[in-house]
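Since the structure comes first, as structure tokens, the remarks are kept for the end.
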Amino acid sequence: MIEWFTWLQLAVAIPAGVLCVALGLVGRKPTDLTMGATALVELLLLVQLVVAIVAPFTGNEATGSVLEFYTYLISAILLPVAAVFWALIERNRWSTVILGVASLSVAVMVYRMLQIWTVQGR
């Protein structure tokens with residue numbers, strides 16, 4: 001995987017998560033900003049999915065378990081979608097916290113995927 005892209009994902013997911021959690025804890029309901037931040041995290045995950053599918057054909061093989069990598073990736077892709085649906089249905093401050101927690105969880109998953117792709121198995 002491209003390491004700089006992983007750091008870009010982390011640079012988006014962590015501030016988005018912190019923003020959403022902070023706004024939720026002060027009582028703000030989900031806004032376009034909080035849902036947009038989570039949607040950006042999702043967009044980067046979809047780009048990563050395409051890169052992960054194409055990478056082996058260019059000689060960039062995973063060094064760790066490919067099954068574990070794709071399990072993390074699919075889970076990470078589903079998490080923001082579920083959080084946004086929750087926010088659209090509930091529309092309360094805890095929905096904003098859920099958006100933040102989803103983004104922070106994705107950040108952890110993305111970092112683990114980088115380790116699986118580049119470090120593990122060497």
key: Where only C-alpha atoms are counted, convex hull volume of region 52-122 per residue in Å³   = 72 Å³
task = Please work out the ratio of the alpha-carbon Rg of region 1-51 to 2.2 N^0.38 Å and round it to two decimals.
result = 1.26
query = What length, rounded to one decimal in nm, is gained on full extension from Leu67 through to Leu88, with 0.36 nm per residue of separation minus their alpha-carbon distance?
reply = 4.3 nm
request  = At 7 Å along the Cα-to-beta-carbon direction for both Phe5 and Val26, put a label point, then send me their distance in nm to one decimal.
outcome  = 3.5 nm
key: Long-range Cα-Cα pairs in the chain (distance over 20 Å), rounded percent   = 41 percent
inquiry  = Below 14 angstrom from the Cβ of Ala55, what's the summed charge of the other residues (Lys, Arg +1; Asp, Glu -1)?
reply    = -2
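Every read-out reported here was derived from the displayed coordinates using simple, explicitly stated rules and does not represent laboratory data. It should be emphasised that the depicted structure is a prediction, and the values quoted were computed from it without experimental measurement. Every residue, glycine among them, receives a Cβ derived from its backbone with ideal geometry; neighbour counts consider all protein chains shown.
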